[in-house]
Amino acid sequence: MAASVRQPSLFDTGPRVLAQDAQGGIVYTPALIDGATAQAWFERLRDGVAWQSYSRPMYDRIVEVPRLVASYRLSSPELPEVLARAAAVVRAHTGVPFNAVGLNHYRDGQDSVAPHNDKLRILVPPHPIALLSVGSTRRMIIRAKQPPRRAMPIDLEPGSLLVMSYDSQKHYDHGVPKTREEVGPRISLAFRVRPDAEPMP
Ligand SMILES: O=C(O)CCC(=O)C(=O)O
Ligand SMILES: [Fe+2]
């Protein structure tokens, strides 16, 4: 039988490499967890996490951060059971010893996160960041910092995992822009290997 090279297709459901580097680059994996589990985890997190909203100074004003957040050390006795299960799945898939999770709850299309790279001081190199999505699909824009600042839109579907290398944070920004489209709520679980000495937000 002739060997064939697998071509990506419109119906591809395998991992998608969005950027490459020596640490694994940026890789999107759809359906790491199945749809029913993603929905169950979304509901439990939405209802069971002590969500916080906070404000921060911006220029001469104080602005509300446009999403709800929470964060845990994975060793915390207060870690909700769903997060322990999610951490186990993500650790098994990536082989990375994640020790912390940050949660973002985007209640509707007006909630967002501005383009940024994750702060390198809250990450232990060479470990990546892994974003597990549950709830509705939201579009993330990943943009190269170097001109011509190529933008890569990626729809973060429920149950998907986006893994971004430590080094990719030096070369790309990522954000979830506001949208006028009718979108339902989404929760992202951002797993990180944080330095022990670094306080949680
Ligand atoms: O919601 C997301 O998937 C992105 C969250 C994010 O960039 C962050 O928590 O640093
Ligand atoms: Fe981020």
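Below is a table of values for the structure above.
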| read-out | value |
| --- | --- |
| Largest-first principal axis extents of the Cα set of the chain (Å) | 62, 41, 40 |
| Whole-angstrom gap from region 97-159 to region 63-88, using each part's C-alpha centre | 15 Å |
| Relative contact order of region 4-121, defined on C-alpha pairs under 8 angstrom at six or more residues apart (%) | 19 percent |
| Approximate spin-label separation D21-K145, in nm, with each point projected 7 Å along Cα-to-Cβ | 0.8 nm |
| A114 versus E198: modelled label distance in nm, points set 7 Å from Cα along the beta carbon direction | 2.0 nm |
| Distance (nanometres) between label positions extended 7 Å along Cα→Cβ at T137 and M152 | 1.8 nm |
| Relative contact order computed over the chain (Cα-Cα under 8 Å; 6+ residues apart), in percent | 28 percent |
| Those residues of region 168-200 whose amide nitrogen sits under 20 Å from the label point placed on R91, 7 Å along Cα→Cβ | 189-198, 200 |
| Separation of alpha-carbon centers, region 23-38 and region 166-192, rounded to whole Å | 14 Å |
| Choice from P77, P153, P30 with maximal GNM fluctuation in the chain (Cα, 10 Å cutoff) | P77 |
| Potential extension, A40-D60 segment - 0.36 nm per residue separation minus Cα distance | 3.0 nm |
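Only the coordinates and a few stated rules stand behind these numbers; no lab work does. The structure presented is a predicted model; accordingly, all values stated were derived computationally and were not measured. Heads up, the Cβs are rebuilt from the backbone with ideal geometry, glycines too, and the neighbour counts pull from every protein chain shown.
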